[in-house]
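Asker: Let me give you the structure first, and then I'll get to my questions.
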Amino acid sequence: MGNAHDMTADRFRLGDNPTFADILHPVPEEAFLAEHYDRKPLHIEGNPGKFATVMSWDGLTSILDMTAVWSSSSLQLVHNKDVVPPPKYCRTAKNRDGQTVLQPDAGKVMGLLQRGASLVANDIDTLTPALRGVAGALEGALCGKAQANLYCSWEEHQAFGSHFDTHDVYAMHVAGEKLWRIYETRAEAPIAHPQFKSYGQEWHDANRGKIAQEILMRPGDLLYIPRGQYHDAIATSDGTIHIAFGLTHVIGMDVIDLFAGMAVNDPLFRRNMPRHSDDEAAGEWLAALGDRMAAYARTPDAVAAILKHQQEFRYPRGGFDLPVEPTAIPYRVTAKNLKTELRDGAWILTGLKGSAPIPAGLEGPVSWILGQTIFTHDDFLGAFPQIAQAELATLLEDLAGMKVVARGM
C-alpha cells in the first residue's frame, strides 16, 4: 500500500496551481486510477516539504486569525471523541451580515488546545491560493466536488472513533506524525443521507472488521481512502496537522433530479393515479411511468443533460481578477483618414502615416470602430457577440496604444 522512494533525492513540492499528477507524485496518475481509485486505499510517501506551500503552522495561524470567517459550525473542537459545546470556546459576536452568532474566542480555543483538544477547521478550500489550487486540480481530474477540512490534534488524543466517510478522502499530512488504521470492512457506496449518518459508535465498532493496515503518516505523505472504507487515526506526536480533501461525484440519485425536470413537461407524469387502484391498475400505471423514464434515459437530450451536470459538478471558487476595466467609460476615435484594406489575402489598417496588419477575423471590429465617433466598451462587445470578449478587449487596448482611440470624452 505504501510507495517508498528516496526522500533525500525527491525535493518535489506543490505550487499554487498543481495538477492531479503533482498531488500524487511520485505515483503515476494512470497507475492510481487503474489500481486504487474507488477500489482500495493508497499511502504515498512524500518529502517533508511536498505540501509546505499548501499549509503550515504559520499558514494555519494566519487563516484562524481571519476572525470574522469563523463560527461555531465552521470551527469546532473535539476532546477525547466528544464535541466541545460551542459556549465553552466561543463568544457572542456580530457576523458580517449583522447577525448575532457564536464566534470562536482565540483565548478559549488556545486554552482547550493546550489541554489536548483537537481543532477542526471546516470548508477551508477557498481561503488561500494553494488550497484553491489543490481543490481545483482534484475537481478537474476526478469530475467531482472537492471540499477541505483541516484537523489539528495532539499526541494520544483521538478526536474521532472508527467510521467511514460518504466521500473519497485525499488526506495531505502537513505536520507531526499520525497513525492511521484501515479496517477490513468497506460500506457499499454510502452517501450523505440520514440513513448513513444515524449509526452510533457501537454499531461502527461492531462492523468495521479487523485492522487491515496501520499507516504512520509524516509530513509530505498523502493517504487516499475510498468512500465507505472504515478507518480511524490518532496523533503519535504533539502538534499534528492534516488536511482532508473530500471528493463527491455524480451518482444515480442525481438522475432522479434530472427525471424530475423532464417529468414536469410530460403530461403522463402530471396525470392522477387511477382512482381506487388495485394491484393490477397500480402496476400498469407504474410500468407506464417506468417505460417513459427508460425511453427518456436513452435520448441524446438526457445524455447531454447528465454530461452537462457532471461538467458543472464542482464548487464555485475564486474567479476575481482585479483591477477591472470600467465598461461605461466612453472611447472616442482620435485618428483620422484610416481605413481597412484587403491586400494579398490579408487585412491591414492603413492611414497617412503607414499601415499595420489586422489580426485574422478582427477586420469587422476594426471597421466598426472606425465608423464610430464615440462608443463604450459595452457597445463594442455587444456588437460582436460571436467573438471572444478577451480577444475584443485586447484589440481595443492595442488600438488605444496606437492612438487610434482614446479613453474619455
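Asker: Taking the stated definitions as given, is ALA406 open to solvent by less than 80 Å² (accessible area, probe 1.4 Å), part of a strand (DSSP E or B) and touching a helix residue (DSSP H, G or I) at 6+ places or on another chain (Cβ under 9 Å)? I'd like the intermediate steps shown before the answer.
Answerer: Working: open to solvent by less than 80 Å² (accessible area, probe 1.4 Å): yes; part of a strand (DSSP E or B): yes; touching a helix residue (DSSP H, G or I) at 6+ places or on another chain (Cβ under 9 Å): yes.
Judged against the criteria, ALA406 is a match.
Asker: Could you look through segment 193-228, keep only residues that are under 24 Å from LEU33 (Cα atoms) and of a type in the set (A, V, I, L, M), and pick out the one that is surrounded by the fewest Cβ atoms within 10 Å (Cβ to Cβ)? Please lay out each step first, then the result.
Answerer: So the first thing to find is which residues in segment 193-228 are under 24 Å from LEU33 (Cα atoms), and the list is 212-228.
This time we only want the ones that are of a type in the set (A, V, I, L, M), so: 212, 215-217, 222-223, 225.
On the way: ALA212: 18, ILE215: 19, LEU216: 13, MET217: 24, LEU222: 23, LEU223: 24, ILE225: 23.
Residue satisfying both the conditions and the ranking: LEU216.
Asker: What are the residues in segment 350-380 that are under 12 Å from TYR331 (Cβ atoms) and under 38 Å from the mean Cα position of the chain (by Cα), if any?
Answerer: THR376, HIS377, ASP378, ASP379, PHE380 - these are the residues of segment 350-380 that are under 12 Å from TYR331 (Cβ atoms) and under 38 Å from the mean Cα position of the chain (by Cα).
Asker: Looking at the structure I just gave you, is TYR331 touching a strand residue (DSSP E or B) at 6+ places or on another chain (Cβ under 8 Å), of a type in the set (Phe, Trp, Tyr) and not in a loop (DSSP other than H, G, I, E, B)?
Answerer: Values: touching a strand residue (DSSP E or B) at 6+ places or on another chain (Cβ under 8 Å): yes; of a type in the set (Phe, Trp, Tyr): yes; not in a loop (DSSP other than H, G, I, E, B): yes.
For TYR331, the condition - touching a strand residue (DSSP E or B) at 6+ places or on another chain (Cβ under 8 Å), of a type in the set (Phe, Trp, Tyr) and not in a loop (DSSP other than H, G, I, E, B) - is met.
Residue by residue, here is whether (1) in contact with a Leu (Cβ under 8 Å, 6 or more places away or on another chain); (2) under 25 Å from GLN213 (Cα atoms); (3) open to solvent by less than 10 Å² (accessible area, probe 1.4 Å) holds:
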site	(1), (2), (3)
HIS25	no, yes, no
LEU33	no, yes, no
ARG39	no, yes, no
LEU64	yes, no, no
ALA68	no, no, no
SER71	yes, no, no
LEU77	yes, no, yes
ASN80	no, yes, no
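Asker: Looking only at strands (runs of 3 or more DSSP E) that lie completely in segment 166-282, which have at least 3 residues being free of Cβ contacts under 8 Å to residues at least 60 places away in the same chain and not polar (S, T, N, Q)? Walk me through how you get there before you give the answer.
Answerer: Details: elements: 168-175, 178-186, 211-217, 222-225, 229-235, 240-249.
In segment 166-282, the matching strands (runs of 3 or more DSSP E) lie at 178-186, 211-217.
Asker: Could you say which residue among PHE259, PHE245 is among the aromatic types (Phe, Trp, Tyr) and at pLDDT below 95?
Answerer: Working: PHE245 fails: at pLDDT below 95.
On inspection, the qualifying residue turns out to be PHE259.
Asker: What's the number of the only condition in (1) assigned to a loop (DSSP other than H, G, I, E, B); (2) closer than 16 Å to VAL404 by Cβ that SER367 fails to meet?
Answerer: Failing condition for SER367: (1).
Asker: Need the failing condition index for GLY46 against (1) without any contact (Cβ under 8 Å) to a residue 24 or more places away in the chain; (2) closer than 16 Å to VAL174 by Cβ; (3) of a type outside the set (Asp, Glu); (4) part of a loop (DSSP other than H, G, I, E, B), just the number.
Answerer: (1)
Asker: Scan segment 370-386 residue by residue and report those that are touching a Ser or Thr at 6+ places or on another chain (Cβ under 9 Å), assigned to a helix (DSSP H, G or I) and under 17 Å from VAL404 (Cβ atoms).
Answerer: Residues satisfying the conditions are LEU370, HIS377.
Asker: Taking the conditions exactly as written (in a strand (DSSP E or B) and surrounded by 18 or more Cβ atoms within 10 Å (Cβ to Cβ)), does LEU150 satisfy them or not? So that I can check it myself, show each step before the final result.
Answerer: On the way: in a strand (DSSP E or B): yes; surrounded by 18 or more Cβ atoms within 10 Å (Cβ to Cβ): yes.
Against the criterion (in a strand (DSSP E or B) and surrounded by 18 or more Cβ atoms within 10 Å (Cβ to Cβ)), LEU150 qualifies.
Asker: What are the residues in segment 283-307 that are outside any helix (DSSP H, G or I) and among the hydrophobic types (A, V, I, L, M, F, W, C), if any?
Answerer: First pass over segment 283-307, keeping only residues outside any helix (DSSP H, G or I): 298-299.
Within segment 283-307, none qualify.
Asker: Inspect segment 97-105 for any residue being open to solvent by 40 Å² or more (accessible area, probe 1.4 Å) and closer than 25 Å to GLY246 by Cα and give the result as yes or no.
Answerer: No, segment 97-105 contains no residue that is open to solvent by 40 Å² or more (accessible area, probe 1.4 Å) and closer than 25 Å to GLY246 by Cα.
The values are calculated or read from the model by the stated rules, or taken from the named source; none is laboratory data. Computed from a predicted model, the values in this text were never measured in an experiment. Positions of Cβ are backbone-derived with ideal geometry, glycine not excepted, and every protein chain shown enters the neighbour counts. The protein model used for the area step is the full one, side chains on, heavy atoms only, and it has no ligands, DNA or RNA in it. Shrake-Rupley method; radii C 1.70, N 1.55, O 1.52, S 1.80 Å.
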